[in-house]
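Everything below concerns the one structure shown next.
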Amino acid sequence: MSRWKPLPAELHPHVHQLIVRLRRLKDRGELSTRQLGVKTGYSARSWQRYLNGRSLPPREAVEAMARIGGDDPVRLLALHETAAEHWARGRPVATGRPVTTDAAAGAPESGPEETAGTPHHVPTERQPYGRYLRAAVMAGAVALVLSVSAVLLLAVRLADARAELADRAGTAPATPATVSETLIPVSYTCRLERHDSRWYAGHTNTTDTILAYTHVGREVAEAQCLLRRAGFPPGDIDGIFGPQTQRAVERMQKRDGLVVDGVIGPHTWKSLRSAAPE
């Protein structure tokens, strides 16, 4: 009968008990670790780690050992479950004294077969953090891929929107567009010029297009440029009829004695094109 190497003193008692039971089953069957590898599907090196307390055997390996050694798999698996809970915590309980022999537990010490070429290693509480680190790295990689995909999608949609707005610049639509998820506004430049006592910003010559809250396009950009020239800043010249543009329209309508409704119609267009800056 082989002599077993003492188990690490830092092992939790339940883990210690499980390994001792597995050692007994190996000795009962008079099997080498190579034979265990053939019968269980786990390598001889794996069984050397399991039986020397350097690694916790998986559930399937314990069940296979129970069948081979003629032990009750239910009781052995219950012991494995309890041992696994303490092993996962990564904080083995020190007994306060080194374990020099397994004779008291009924198991012999190990010989060269179980320990040759395998350095002595005691499980420490660092073990669970490796899994956390791998999970964090995987999560970061997934987040990076999603972020890059979102940026690419936004770039494609922005290019489509710019092309759509460019196409609209050559025609006079009957009804201004409204804000939507597929229509992304662009920045406009105000090119103010005065012809026949009227001001124009270079985007449209309309004098009667109805513009209201949520409308977008070059007509809105024209009105924003004229509002800014008249001394009523609408915010960015972005072609979006938003809250700031609406407030600027209302302030101008109030000053010029128009109906204060925040909507740009023929009368408001007339004031915008003929107003002098404040």
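Here, each number is a calculation from the coordinates, and none is a lab measurement. Bear in mind that the values here come from a model prediction, so they are computed numbers and not experimental data. Note that we place each Cβ from the backbone using ideal geometry, even for glycine, and neighbour counts take in every protein chain shown.
Descriptive notes on the structure:
- Computed E for residue 82/residue 142 - FRET, C-beta separation, R0 45 angstrom, nearest 0.05: 0.85
- Relative protection proxy for 189-200, 222-233, from highest mean packing down: 222-233, 189-200 (other beta-carbon atoms within 10 angstrom).
- Binning all Cα-Cα separations of segment 193-274 at 10 Å, short to long from zero, yields these whole-percent fractions: 21, 62, 18, 0.
- Listed by Cβ neighbour count within 10 Å, with the fewest neighbours leading, 65, 138 appear as 138, 65.
- All-pairs alpha carbon distance profile, segment 231-278, 10 Å steps from 0, percent: 27, 61, 12
- Cβ-based exposure ranking for 12, 203, in which fewest neighbours within 10 Å come first: 12, 203
- A straight chain from residue 274 to residue 39 at 0.36 nm per residue would run longer than the Cα-Cα distance by 74.9 nm.
- Residues of type lysines that residue 5 reaches as a straight line, Cα spacing below 24 Å, ignoring anything fewer than 8 places off in the same chain: 26, 39
- Phi angles across segment 143-152 convert, under the Karplus curve 6.51 cos²θ - 1.76 cosθ + 1.60 with θ = phi - 60°, into 3J(HN,Hα) values of 4, 5, 4, 5, 5, 4, 5, 5, 5, 5 Hz, Gly and Pro given as x.
- Length gained when the stretch residue 134-residue 254 is fully extended (0.36 nm per residue, less Cα-Cα span): 36.8 nm
- Extending 7 Å from the Cα toward the beta-carbon at both residue 197 and residue 30 defines two label points whose distance is 12.2 nm.
- Here segment 1-68 is described by how far its Cα atoms reach on the three principal axes: 31, 26, 19 Å, from widest to narrowest.
- Here the residues 26, 5, ranked from fewest to most Cβ neighbours within 10 Å of their Cβ, fall in the order 5, 26.
- Distance from segment 51-83 to segment 23-46 (C-alpha centre basis), Å: 12
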